[in-house]
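The values are calculated or read from the model by the stated rules, or taken from the named source; none is laboratory data. None of the values given here were measured: they were computed from a predicted structure. In this analysis, Cβ positions are derived from the backbone assuming ideal geometry, glycine residues included, and neighbour counts consider all displayed protein chains.
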Amino acid sequence: MQPRIFIGKVIKKNREIHKITQANLAERCSLSLVSISKFERNITEPSFATIIKLAKAFEMEVSEFVREIEEGLEMVHTPD
């Protein structure tokens, strides 16, 4: 089994807590709306530089945001 990180869940949860749209979050992070949508749907994962931007947009310490991501780890079975 390998850990799979569902960063999208953390991004969406924080976005909803702050009551901001994907478009507003994209603007705050200087990213495209498509990028935010793909992150939330776990199609792509943000770079560390983007994680820093997201944390700042949510007015969080980067370590706090990363901790939330770590807590969202889920073990999934991957075929050998």
Number of the exception - residue 72 against (1) modelled with pLDDT under 95; (2) over 11 Å from residue 7 (Cβ atoms); (3) not aromatic (Phe, Trp, Tyr)
(2)
Show the residue pairs meeting these rules: Cβ distance below 6 Å; 6+ apart or different chains; first residue within segment 6-26 and under 15 Å from residue 65 (Cα atoms) and touching a residue at least 40 places away in the same chain (Cβ under 8 Å); second residue among the polar types (S, T, N, Q) and outside any helix (DSSP H, G or I).
6/42
Output the qualifying pairs, or none if there are none: Cβ atoms under 8 angstrom, residues six or more apart or on different chains, first residue in segment 29-47 and surrounded by fewer than 13 Cβ atoms within 10 Å (Cβ to Cβ), second residue among the charged types (D, E, K, R) and assigned to a helix (DSSP H, G or I).
30/53
